[in-house]
Amino acid sequence: MASEKVETIIAGSYLEMEREDGSDSKASAKSKLSTFFWHGGSAYDAWFSCASNQVAQVLLTLPYSFSQLGLLSGILFQLFYGLMGSWTAYLISLLYVEYRTRKEREKVDFRNHVIQWFEVLDGLLGKHWRNLGLFFNCTFLLFGSVIQLIACASNIYYINDNLDKRTWTYIFGACCATTVFIPSFHNYRIWSFLGLIMTTYTAWYLTIASLIHGQVEGVKHSGPTTMVLYFTGATNILYTFGGHAVTVEIMHAMWKPQKFKMIYLMATLYVLTLTLPSASAVYWAFGDALLTHSNALALLPRTRFRDTAVVLMLIHQFITFGFACTPLYFVWEKFLRVHETKSMLKRALARLPVVIPIWFLAIIFPFFGPINSTVGSLLVSFTVYIIPALAHMVTFASPQARENAVERPPSFLGGWAGSYTMNIFVVVWVAIVGFGFGGWASMLNFIHQVNTFGLFTKCYQCPPHKA
């Protein structure tokens, strides 16, 4: 009987939100058009958001990871971390629904408030978990935004090298600052759709162009050669499938968040159809040359197809910058107590200071490729793997909590026993391999980049200009 009551609470709340949105869309043809392009909340919108956000600039660095790992390990790690990421995204979705249901029983209204991961942890587990989640989530998203900015400068350089990469970082930092005017994840409907088309084109361009180009003369495929390179490559793939730090915000933008459960897995399966062929083909063609070219576009000859891929990735990185930065905007708005104001201009002005440290860090650490592995090992490992798995186990530790759970683990995975077994495996594996070995390797590689190129380097991995 209790479970029926919980189900009614969930469905009633979300249907009410859906009807409100639908009433607005009937106002005029103009508002219908605006809703179609601008205001998404369906399961399809969530799928596009997850798939588009998961594979962005990292698509261009996966061949670099294959050169560090070797082909077989590269493929296996993609499959392994893809499934592991889907599992922890599923855990986050369960905790969100649990938190929201409990709050709505208390008559809390979220229509002018975006729920975030740290608030879920606070409501279910208390302030210490909230602080832990807030630190890791915000730091990861901060550096995730930094990486998108670095990628913009890295890519544009391949079609216009009249300016160095640092100058391009200044320019794109100003461009990306315009994301302060996008209210929430509801408003990424058309951008998510276009973003996925852009990455799909780029992935298949990399695959086809590499196969047509063929193997370079004397190509070698010697990876893995050292432990440092091996675990650096592995943590870049850990980072690749750790894009679900914005899961809660994407769920909150849905009319019926309880439908999210399998969406991230479906998005991951699609992403694998892009990452596996492209990384394998580029590595087959160029081999060890990728060890000194972390951006795969650097090795392919310039054609109109490559220039198209560069432009599309630039637009997509702008979109992904918004995905990573929007949760930071929400946190900052809540700190300034302007989050629930209806004035978008006031919120946009309040958000602007968030962009400044991102801009600054992108100029200090322009190491496209190595920075992904460092962020993956030190931040992603905790943010979207260890903390969600631990939080799920602690939240449902008592028999009463398991009995009253809104969503129970599926029986085909072994129910609660199977769920806890998988969670323990995730925590142990990521702590030892991702954070331990991965952190050691990626930090050594990162320090090597600093020693080789220096901080504030003007043009990371740029070929010398021809006289």
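Can we say Thr308 is more than 18 Å from Cys176 (Cα to Cα), at pLDDT 90 or above and part of a helix (DSSP H, G or I)?
Details: more than 18 Å from Cys176 (Cα to Cα): yes; at pLDDT 90 or above: yes; part of a helix (DSSP H, G or I): yes.
Yes, satisfied.
Restricting to the range 79-98, give me the number of residues that are within 15 Å of the chain's Cα centre (by Cα) and among the polar types (S, T, N, Q).
So the answer is 2.
The conditions are (1) open to solvent by less than 10 Å² (accessible area, probe 1.4 Å); (2) of a type in the set (A, V, I, L, M); (3) more than 19 Å from the chain's Cα centre (by Cα), and Leu291 fails exactly one of them. Which is it?
(1)
For the range 373-467, which fully contained helices (runs of 4 or more DSSP H) count at least 3 residues that are among the aliphatic types (A, V, I, L, M) and at pLDDT 90 or above?
Helices (runs of 4 or more DSSP H) meeting the threshold: 387-395, 415-429.
Take the residues in the range 398-415 that are surrounded by 14 or more Cβ atoms within 10 Å (Cβ to Cβ) and of a type outside the set (A, V, I, L, M, F, W, C); name whichever of them is farthest from Tyr90 (Cα to Cα).
The selected residue is Asn404.
I'm trying to understand the selection: among the residues of the range 26-48, which are modelled with pLDDT under 90 and open to solvent by less than 10 Å² (accessible area, probe 1.4 Å)?
Answer for the range 26-48, where residues must be modelled with pLDDT under 90 and open to solvent by less than 10 Å² (accessible area, probe 1.4 Å): Gly40, Gly41.
Go through the range 65-83 and report how many residues are open to solvent by 10 Å² or more (accessible area, probe 1.4 Å) and in contact (Cβ under 8 Å) with a residue 24 or more places away in the chain.
Taking the range 65-83 as the starting set, the residues that turn out to be open to solvent by 10 Å² or more (accessible area, probe 1.4 Å) are 71-73, 75-77, 79-80, 83.
Restricting the remaining residues to those that are in contact (Cβ under 8 Å) with a residue 24 or more places away in the chain gives 71, 73, 75, 77, 79, 83.
Summing the residues that are open to solvent by 10 Å² or more (accessible area, probe 1.4 Å) and in contact (Cβ under 8 Å) with a residue 24 or more places away in the chain in the range 65-83 gives 6.
Within the group Thr374, Thr308, Thr395, which residue is touching a Ser or Thr at 6+ places or on another chain (Cβ under 6 Å) and open to solvent by 10 Å² or more (accessible area, probe 1.4 Å)? Don't jump to the end; show me each part of the working.
Values: Thr308 fails: touching a Ser or Thr at 6+ places or on another chain (Cβ under 6 Å); Thr395 fails: touching a Ser or Thr at 6+ places or on another chain (Cβ under 6 Å).
Just a single option satisfies the conditions, and that option is Thr374.
Looking at the range 247-287, which of the residues that are open to solvent by 20 Å² or more (accessible area, probe 1.4 Å) and charged (D, E, K, R) is farthest from the chain's Cα centre (by Cα)?
Lys256
Just checking, does the range 224-232 include any residue being within 30 Å of Arg189 (Cβ to Cβ), among the hydroxyl-bearing types (Ser, Thr, Tyr) and buried (at least 19 other Cβ atoms within 10 Å of the Cβ)?
no
Mind checking whether some residue in the range 153-170 is under 16 Å from the mean Cα position of the chain (by Cα), in contact (Cβ under 8 Å) with a residue 24 or more places away in the chain and surrounded by 20 or more Cβ atoms within 10 Å (Cβ to Cβ)?
Checked against the condition, which is being under 16 Å from the mean Cα position of the chain (by Cα), in contact (Cβ under 8 Å) with a residue 24 or more places away in the chain and surrounded by 20 or more Cβ atoms within 10 Å (Cβ to Cβ), the range 153-170 yields no hits at all.
Hey, Phe367 hits all of (1) in a helix (DSSP H, G or I); (2) closer than 23 Å to Gln148 by Cβ; (3) not charged (D, E, K, R) but one; which does it fall short on?
Just one mismatch for Phe367, condition (1).
Considering (1) open to solvent by 30 Å² or more (accessible area, probe 1.4 Å); (2) at pLDDT below 95; (3) aliphatic (A, V, I, L, M); (4) part of a helix (DSSP H, G or I), say which one Val108 fails and leave the rest.
Here Val108 meets the rest and fails (4).
Return the pair list, or none, for Cβ contacts closer than 7 Å from residues in the range 242-264 that are farther than 19 Å from Leu328 by Cα to residues that are aromatic (Phe, Trp, Tyr), at least 6 apart or on different chains.
Met254/Phe260; Trp255/Tyr14; Lys256/Tyr14; Pro257/Tyr14; Pro257/Tyr96; Lys261/Tyr90; Ile263/Trp47; Tyr264/Tyr90
Enumerate the pairs (first residue in the range 271-294 and on the phi > 0 side of the Ramachandran plot; second residue anywhere and outside any helix (DSSP H, G or I) and surrounded by 18 or more Cβ atoms within 10 Å (Cβ to Cβ)) with beta-carbon separation below 9 Å, excluding pairs fewer than 6 apart on the same chain, so at least 6 apart or on different chains.
Cβ pairs passing all conditions: Gly287/Gly223.
Cβ-Cβ under 6 Å, sequence separation 6+ or interchain: first residue in the range 393-406 and touching a residue at least 40 places away in the same chain (Cβ under 8 Å), partner open to solvent by 60 Å² or more (accessible area, probe 1.4 Å) and aliphatic (A, V, I, L, M). Which pairs?
none
Only one residue in Thr320, Thr303 is farther than 24 Å from Gly214 by Cβ and modelled with pLDDT under 95. Which one?
Sole residue among the options that is farther than 24 Å from Gly214 by Cβ and modelled with pLDDT under 95: Thr320.
Residue check, Thr178 against (1) part of a helix (DSSP H, G or I); (2) touching a helix residue (DSSP H, G or I) at 6+ places or on another chain (Cβ under 8 Å), all met but one. Which one?
(2)
Output the residues belonging to the range 332-349 that are assigned to a helix (DSSP H, G or I) and closer than 20 Å to Arg111 by Cβ.
Within the range 332-349, Glu333, Lys334, Met344, Lys346, Arg347 qualify.
From the list Asn137, Asn187, which one is surrounded by fewer than 24 Cβ atoms within 10 Å (Cβ to Cβ) and closer than 24 Å to Thr268 by Cα?
Working: Asn137 fails: surrounded by fewer than 24 Cβ atoms within 10 Å (Cβ to Cβ).
None of the other options fit; the residue is Asn187.
The values are calculated or read from the model by the stated rules, or taken from the named source; none is laboratory data. Just so we're clear, the structure is a prediction, and the values are computed from it rather than from any experiment. Every residue, glycine as well, gets a Cβ built from its backbone with ideal geometry; the counts of neighbours run over all protein chains shown. These accessible areas exclude ligands, DNA and RNA; they are computed on the full protein's heavy atoms, side chains included. Shrake-Rupley method; radii C 1.70, N 1.55, O 1.52, S 1.80 Å.
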